[in-house]
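Each remark here refers to the structure printed beneath this line.
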Ligand code: ARG
């Protein structure tokens, strides 16, 4: 009897959680699929408290004691570190949470609004984490790295799967490959169907664009990493920052360009030796 039940349960639950169609992948991020368990060991979830510790943003482990995220996730008004927790890489959000305390939040002093740039922040953990094959930091790029179009880049997160469509339970971490769109081309695209003057830059030098109508990050992915495979290593190229909707025509996702902030990051975070 017990054996029968054990056989029937996974079948039952797969019926209950069945996706609307075989071609529709479930999960956060627009397009893409659920991330394999061993992938993206640097992905973290930032939490704030209101009834429960809910997910506010993504982030990435860049050192055993430091998390990189977006300025708008924790600023621009100064937040008390006691009001934030960090959940390390997990397959399903909120299942068996193990939340880590934070000792310091540093928002870039040049950050005011996402459109203004400098949308970047650092979070120091009270204690360094144990590095395992499931949890480890991502490498930062050398300052000279430009991530030209054609580079293989991926974005990950537990954010919305479409405009105003949130990730359904069991909240699996999602991944999607996104095409890099050169800054000049991205700026031209963002000027379409907008009143912004042609001479007014929308995509600043400290931003990086990626995505199309099939693949993009979305609300709730902010602060999370855009990583690219360069010379056989994953490098963090961007931090999810903003966009005009998600996966809209002529509106690629906009990321904070990590190479623009290496000096600022290393003012606080020791270089991995
Ligand atoms: N600002 C959003 C957030 O707070 C991220 C938006 C990214 N948008 C995009 N089209 N890629 O989660």
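Here are the numbers:
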| item | result |
| --- | --- |
| Test result for residue 241, modelled with pLDDT of 95 or more, surrounded by 15 or more Cβ atoms within 10 Å (Cβ to Cβ), within 12 Å of the ligand (Cβ to nearest atom) and assigned to a strand (DSSP E or B) | yes |
| Filtered residue count, the range 248-263, keeping only those that are surrounded by 24 or more Cβ atoms within 10 Å (Cβ to Cβ) and either part of a strand (DSSP E or B) or within 7 Å of the ligand (Cβ to nearest atom) (or both) | 5 |
| When residues of the range 152-167 are limited to those that are assigned to a strand (DSSP E or B) and within 12 Å of the ligand (Cβ to nearest atom), the one farthest from the chain's Cα centre (by Cα) | 162 |
| Qualifying residue in the range 220-234 (condition: touching a residue at least 24 places away in the same chain (Cβ under 8 Å), near the ligand (Cβ under 9 Å from one of its atoms) and within 15 Å of residue 139 (Cα to Cα)) | yes |
| Selection status of residue 189, within 14 Å of the ligand (Cβ to nearest atom) and over 18 Å from the mean Cα position of the chain (by Cα) | yes |
| Where residue 42 falls short, out of the listed (1) free of Cβ contacts under 8 Å to residues at least 24 places away in the same chain; (2) closer than 25 Å to residue 169 by Cβ | (1) |
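One line per residue, one yes/no per condition, for (1) out of contact with any helix residue (DSSP H, G or I) (no Cβ under 8 Å at 6 or more places or on another chain); (2) over 17 Å from residue 55 (Cβ atoms); (3) surrounded by fewer than 14 Cβ atoms within 10 Å (Cβ to Cβ):
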site	(1), (2), (3)
148	yes, yes, yes
153	yes, yes, no
172	yes, no, no
186	yes, yes, no
197	yes, yes, yes
210	yes, yes, no
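The values are calculated or read from the model by the stated rules, or taken from the named source; none is laboratory data. Only a predicted model underlies this, so the values are computations on that prediction, with no experimental measurement involved. In this analysis, Cβ positions are derived from the backbone assuming ideal geometry, glycine residues included, and neighbour counts consider all displayed protein chains.
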